[in-house]
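Colleague: Please read through the structure below; I'll follow up with questions.
What follows is calculated from the coordinates using simple rules that are stated; it is not laboratory data. This is a predicted model, so every value here is computed, not measured. For neighbour counting, all protein chains shown are included, and Cβ atoms are generated from backbone atoms with ideal geometry for every residue, glycine included.
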Amino acid sequence: MGKVSHSNFTSDIRACCGQSGARMARTAGMLALFTLLSRLLGLVRDMGMAWLVGCGPVADALVAALRLSHLLRRLLGEGSLSMTLTAWLVRHDVAHGREDLLPALASGLFRRLVLVLGGLVLLGMLAAPQLLAFLAPALSPEALAEGSRLLRLCLPYVLLAGLAALGMAVLHCREVFWLPALSPVIFNVVVISAMLAGWLAGGTEAVPAALAAGMSAGGLAQWLAQWGYA
């Protein structure tokens with residue numbers, strides 16, 4: 001009987017390990033697929049921008065305005081902030097030993113992010129010409145004025161990307177990984193759609209403003225997707 005029980009126990013362990021390994025393989029494959037899709041859509045986005053905007057003072061202003069937003073997207077929406085928030089939530093959740101504390105912890109972080117990032121966004125909007133002149137000092141006065149307008153359109157993305165990063169952290173704590181991995185795909189789809197909508201509505205002249213506003217709209221879509229599911 002002892003041998004039979006030990007054999008059954010070993011078989012159960014192997015079955016569990018096999019199921020866990022299969023689940024991890026499916027998750028890894030899904031994350032890799034979403035990452036590849038995101039990179040392809042990012043290439044389509046950049047190609048569309050090059051095709052519709054071209055080169056010149058407006059293109060220079062658009063590139064300068066988007067530079068800060070793309071940097072913050074990598075840091076906030078797809079990088080260190082979401083991992084840091086995940087680690088903080090997991091540590092406090094484990095320390096208290098109660099999963100029902102997760103919503104309260106997330107709400108506290110939400111309020112702090114709104115205050116800090118919202119304040120930075122307002123400050124950036126007020127000082128948009130000075131900020132853009134620092135980022136791209138070679139811009140002409142006309143390009144600087146246009147770039148400041150575009151920068152104000154895409155700066156709200158900073159706040160929305162931070163809130164989306166918090167939503168990703170909450171989902172990671174609940175072992176939901178597919179939606180955070182899909183988040184960059186959502187962002188690129190919204191930006192490409194906004195760019196095409198601007199082109200169809202107002203021609204190439206409307207594309208820069210549509211693309212800048214599309215960044216903020218993409219951040220909003222990311223945030224709503226994460227928080228709506230969480």
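Colleague: Could you grab the relative contact order for region 90-229? Cα pairs under 8 Å, six or more apart, rounded to a whole percent.
Modeller: Value for region 90-229: 26 percent.
Colleague: Also, quick follow-up: Using R₀ = 25 Å, calculate the FRET efficiency as 1/(1 + (r/R₀)^6) where r is the Cβ-Cβ separation of TRP178 and ALA87; round to 0.05.
Modeller: So, using R0 = 25 Å, E works out to roughly 0.80.
Colleague: Applying 1/(1 + (r/R0)^6) with R0 = 35 Å to the Cβ-Cβ distance of THR27 and PHE110, what FRET efficiency is obtained, to the nearest 0.05?
Modeller: 0.85
Colleague: Subtract the Cα-Cα distance of SER140 and LEU120 from 0.36 nm times their separation in residues, and report this length gain in nm to one decimal.
Modeller: Length gained, SER140 through LEU120: 4.6 nm.
Colleague: Let me ask you something else. Using the Karplus equation 6.51 cos²θ - 1.76 cosθ + 1.60 (θ = phi - 60°), what ³J(HN,Hα) coupling, rounded to whole Hz, does each residue of region 54-60 give in order, writing x for Gly and Pro?
Modeller: My calculation for region 54-60 gives x, 10, x, x, 5, 5, 4 Hz in order.
Colleague: Give me a comma-separated list of calculated 3J(HN,Hα) values for region 142-155, in order, Karplus coefficients 6.51, -1.76, 1.60 applied at θ = phi - 60°, integers in Hz, x for any Gly or Pro.
Modeller: Residue by residue, region 142-155 yields 5, 5, 5, 5, 5, x, 5, 5, 5, 5, 5, 6, 9, 5 Hz.
Colleague: Still on this structure, I have one more. Using alpha carbon centroids, what distance separates region 174-202 and region 121-162, in Å?
Modeller: The two parts, judged by their Cα centres, are 22 Å apart.
Colleague: Follow-up. If I model a spin label as a point 7 Å beyond the Cα along the Cα-Cβ vector, how far apart are those points for GLN130 and ALA206 in nm?
Modeller: 3.5 nm
Colleague: Through the Karplus equation 6.51 cos²θ - 1.76 cosθ + 1.60, θ set to phi - 60°, convert the phi angles of region 178-190 into ³J(HN,Hα) values in whole Hz; use x for Gly and Pro.
Modeller: Here the 3J(HN,Hα) series is 5, 6, x, 5, 7, 4, x, 5, 4, 4, 5, 4, 5 Hz.
Colleague: If you stretched the chain out fully between ASP46 and ALA59, how much longer would it get, using 0.36 nm times the residue separation minus the C-alpha to C-alpha distance?
Modeller: Contour length minus the Cα-Cα distance gives 3.5 nm.
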